[in-house]
Amino acid sequence: MNSQPSDKSSERTFRLSENIDRRLLKYDIEKLKDSLNKFSQKTLEKAGISEAELFVADIGLCLGCNKDANELINKLMTQGHNLTTYSYIGIFGIYSKTVYHHLFTRIYSNKYDIIYDRYTLDTAIWCELDMRSYKIICTNYNDEIKKFTLYDPPQSYLFSEDIKKSTLDILFDILDPRELTNKDNQDIKILARVSRYLKKQREENPKISIKESEFKYNDNVFDIYMFWYRSPRPKL
């Protein structure tokens with residue numbers, strides 16, 4: 001995943017919600033885990049691989065990059081609608097304003113290294129959401145290189161939107177709602193890396209860390225790291 005931005009014009013100070021609902025947060029974390037669990041299982045099934053060690057998903061989102069949705073939200077606000085009060089309209093608007101920058105996953109398996117006489121993690125499958133066709137296309141590096149389509153539209157659209165929504169829901173649980181609306185000429189970039197260790201056992205008490213611009217979660221099977229920042233919207 002790309003390193004955090006160093007550009008001084010990027011703004012990374014956010015207000016957290018005054019009352020974070022931990023139960024809701026855990027529920028939304030489970031939704032994201034479930035979506036990516038299905039993704040990894042489907043990938044292994046279609047590739048014909050029975051065992052793997054690690055699944056990693058990199059998710060890049062841009063809140064505010066959907067110009068058409070921005071115009072709709074701005075119109076509602078100029079007509080006197082408070083989108084933080086009308087939560088359904090506000091959340092729906094945020095979903096529609098958010099577009100993917102990238103979505104790609106890797107599955108790693110153990111491979112014997114004859115030179116060093118040890119097993120190392122090796123990329124077995126790489127998948128990526130194609131932004132033009134909206135297909136999820138994978139490359140199987142196991143034995144010989146083969147490409148296959150994991151999902152075609154509309155299934156790929158629905159599946160990727162589910163991942164997007166689950167990621168945003170975690171952000172909604174953490175931040176003050178005012179941070180997500182009415183930010184003139186600024187987009188919010190959201191980057192997440194989710195790792196799933198396929199052969200580990202889940203811990204009963206996950207570790208959760210929440211800061212102004214980052215979120216961490218670890219239950220020994222899933223490791224989630226998210227961070228977000230504001231970036232000036234490019235002038236057209």
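Numbers below:
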item	result
Identity of the residue in segment 210-235, within 22 Å of Asn19 (Cα to Cα) and basic (Lys, Arg), that ends up surrounded by the most Cβ atoms within 10 Å (Cβ to Cβ)	Lys216
Test: residue in segment 55-70 that is under 25 Å from Leu36 (Cα atoms), among the charged types (D, E, K, R) and at pLDDT below 80	no
Cβ pairs under 9 Å, 6+ apart, first in segment 11-40 and closer than 16 Å to Ala192 by Cα, second hydroxyl-bearing (Ser, Thr, Tyr) and assigned to a loop (DSSP other than H, G, I, E, B)	Arg12/Ser213
Residues (surrounded by 15 or more Cβ atoms within 10 Å (Cβ to Cβ) and basic (Lys, Arg)) located in segment 135-163	Lys135
Qualifying residues in segment 155-179 (those that are in contact with a strand residue (DSSP E or B) (Cβ under 7 Å, 6 or more places away or on another chain) and not β-branched (Val, Ile, Thr)) - the one modelled with the lowest pLDDT	Ser156
Qualifying residue in segment 31-39 (condition: exposed (fewer than 15 other Cβ atoms within 10 Å of the Cβ), in contact with a Phe, Trp or Tyr (Cβ under 9 Å, 6 or more places away or on another chain) and at pLDDT 55 or above)	yes
Sole exception among (1) touching a residue at least 24 places away in the same chain (Cβ under 8 Å); (2) of a type outside the set (D, E, K, R); (3) closer than 25 Å to Asp28 by Cα for Pro154, by number	(1)
Where a residue in segment 190-204 is closer than 13 Å to Tyr217 by Cα and its partner, wherever it lies, is among the charged types (D, E, K, R) and outside any loop (DSSP other than H, G, I, E, B), with Cβ under 7 Å and at least six apart	Arg193/Asp58; Ser195/Asp223
Test for Asp152: is it acidic (Asp, Glu), at pLDDT 90 or above and within 29 Å of Ile137 (Cα to Cα)	no
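A quick yes/no check of all residues on (1) closer than 23 Å to Leu63 by Cα; (2) hydroxyl-bearing (Ser, Thr, Tyr); (3) at pLDDT below 85; (4) over 19 Å from the mean Cα position of the chain (by Cα):
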position: Leu191; (1), (2), (3), (4): yes, no, no, no
position: Tyr197; (1), (2), (3), (4): no, yes, no, no
position: Lys211; (1), (2), (3), (4): yes, no, no, no
position: Phe222; (1), (2), (3), (4): no, no, no, no
position: Ser231; (1), (2), (3), (4): yes, yes, yes, no
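The values are calculated or read from the model by the stated rules, or taken from the named source; none is laboratory data. Since this is a predicted model, take the numbers as computed values, not measurements. For neighbour counting, all protein chains shown are included, and Cβ atoms are generated from backbone atoms with ideal geometry for every residue, glycine included.
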